[in-house]
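Input: a single structure, listed below in structure tokens.
The values are calculated or read from the model by the stated rules, or taken from the named source; none is laboratory data. Here the structure is a predicted model, which is why all the values come from computation and not from measurement. Here the Cβ positions follow ideal geometry from the backbone for every residue, glycine too, while neighbour counts run over all protein chains shown. Protein only, heavy atoms only, side chains kept; ligands, DNA and RNA dropped before computing areas. Shrake-Rupley method; radii C 1.70, N 1.55, O 1.52, S 1.80 Å.
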Amino acid sequence: MKPPCSGRREATANRNVLQLTPPRALQPASTPAKPLRALLPVFFYFLAAGVATVMLGPLLPALIQRWHIQDAQAGTLFTASFAGQFCGAWFATRNLRTSVLYGSAITAAGCIAMAWVGFGAAHIALFCLGLGLGAGLTAGNVIAGTSVPSERARLIAVLNVVWGLGAIACPILVRLLSAGGIQHFFFATAAFLAFTSLAAIVIPRASLNPNPTQPAQFEITSPRPSRASSKPSRLPLPPIPLLVFGAAAFLYIGVENALGGWLPSYAVRTHPTLHASSIALCFWVAELTGRILVTILMTFIGEAALYRICLALLILTQVVLCLTANISANGIVALTFLGALSLAPLYPLIVSFLLARTGNHVNLGALFATASFGGASLPWLTGVFSTQFHNLRTGFLVPAAGATLLLILAPILTAKHTPPPAA
């Protein structure tokens, strides 16, 4: 029989062993270097992705002329690209690092293919391009939105500012590199994306946690989950909020790409003195300005109020665009700038509202995929309306209706989420 003091010594030794070799799930939170290491490659990737995402807008007049196609046919190019984004976003959150790394590589391959293909094969190239963008952009938003929860809205806004810088660079690159043929633009964009793919290698593997009940490993402020919540829910939200957020993502991306894709063509047709690349540049400069302003305005205005104000201004600009028959060149530039400025804060705010309720849920990719479906549908519908009514101005009724629906959904999107009390 062991003496009592011996039993106490063994118990103490066992506790020391457990403290020296904790299981992986009980490891302490990472240092602040982990979020920084995860975020820097994502920010760099978003710069390149901004160029690739919006390139159809400034390139569309040249592509219509090159392939001798109508607006309804040109709209299918947007559909192909965003159908790819739909598929890429669906699986993006299962492995965030892989989605950014391989997503940029696949997009680079799609850009290279676009340099040679005809109209029919361009749909396959654009699908591949969109597949990579859907995976990388979705994963990047989730990384930024879950790395430091207390700064979620600002991080997402800043990330989208970086994307906006790429979008601004796109029409400039189109104008500079397309003088000798648009294939030079596709090659330069592919090289940029290939470089970002290499940069994504440094994203820490440990930051990718597919269990929605546990914080990401680079997250430094999120509380550790309790045992009672160890079984994840298959759905990131209850059915009604899930449908509403899916609809909001669908509508926002659809409205943004319908306006960003078709406004350059409308400007050139209305006033031949205008350049498609200049209108595209104006649109994305305004969107970048709006995303910089939102990081400042959130200090003074609540997120819900800011969301409604931006939508009211956006709807007003669309009503003027649709109802005014003879718009001057300066009027087109002004409406383009105001529309993009009011549109810019909406996506960071929608994503912030969403992640405040869900965190990094493994099935968030399916919800983000609905956004890509909007990008595939609304620009195509805009082209169909334009062809049917022989007037692109009529086609802009499609994004105007989308903005109105976003305002109708505001009460559910902006509702305060109260977490359940701790057990």
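Among the residues in the range 42-65, are any surrounded by fewer than 20 Cβ atoms within 10 Å (Cβ to Cβ) and free of Cβ contacts under 8 Å to residues at least 12 places away in the same chain? Scanning the range 42-65, I find at least one residue that is surrounded by fewer than 20 Cβ atoms within 10 Å (Cβ to Cβ) and free of Cβ contacts under 8 Å to residues at least 12 places away in the same chain, so the answer is yes.
Restricting attention to the range 115-146, the residues that are over 20 Å from residue 161 (Cβ atoms) and either small (Gly, Ala, Ser) or surrounded by fewer than 24 Cβ atoms within 10 Å (Cβ to Cβ) (or both) total 17. Scan the range 272-319 residue by residue and report those that are assigned to a helix (DSSP H, G or I), open to solvent by 60 Å² or more (accessible area, probe 1.4 Å) and free of Cβ contacts under 8 Å to residues at least 60 places away in the same chain. Matches in the range 272-319: 293, 296, 297, 309, 313, 316. Among residues that are under 30 Å from residue 408 (Cβ atoms) and modelled with pLDDT of 90 or more, residue 258 is included. Restricting attention to the range 243-260, the residues that are under 13 Å from residue 381 (Cα atoms) and touching a Leu at 6+ places or on another chain (Cβ under 6 Å) add up to 3. Quick check on the range 386-399: of everything there that is surrounded by fewer than 21 Cβ atoms within 10 Å (Cβ to Cβ) and not charged (D, E, K, R), which residue is modelled with the highest pLDDT? Ranking the qualifying residues of the range 386-399, first place goes to 397. Just so you know, in the range 320-329 the residues that are in a helix (DSSP H, G or I) and either of a type in the set (Gly, Ala, Ser) or out of contact with any helix residue (DSSP H, G or I) (no Cβ under 7 Å at 6 or more places or on another chain) (or both) include one that is least open to solvent (accessible area, probe 1.4 Å), and it is 329.
Looking only at the range 318-336, filter to residues that are more than 14 Å from residue 269 (Cα to Cα) and of a type in the set (S, T, N, Q); which one of those is modelled with the lowest pLDDT? Filtering the range 318-336 for residues that are more than 14 Å from residue 269 (Cα to Cα) and of a type in the set (S, T, N, Q), the one modelled with the lowest pLDDT comes out as 324. Restricting 158, 162 to those that are open to solvent by 30 Å² or more (accessible area, probe 1.4 Å), more than 21 Å from residue 264 (Cα to Cα) and not hydroxyl-bearing (Ser, Thr, Tyr) reduces the list to 158.
Name the single residue, out of those in the range 165-186 being part of a helix (DSSP H, G or I) and out of contact with any helix residue (DSSP H, G or I) (no Cβ under 7 Å at 6 or more places or on another chain), that is nearest to residue 279 (Cα to Cα). So, considering only residues that are part of a helix (DSSP H, G or I) and out of contact with any helix residue (DSSP H, G or I) (no Cβ under 7 Å at 6 or more places or on another chain), the one nearest to residue 279 (Cα to Cα) is 176.
Restricting attention to the range 99-114, the residues being over 16 Å from residue 59 (Cβ atoms) and open to solvent by 50 Å² or more (accessible area, probe 1.4 Å) number 3.
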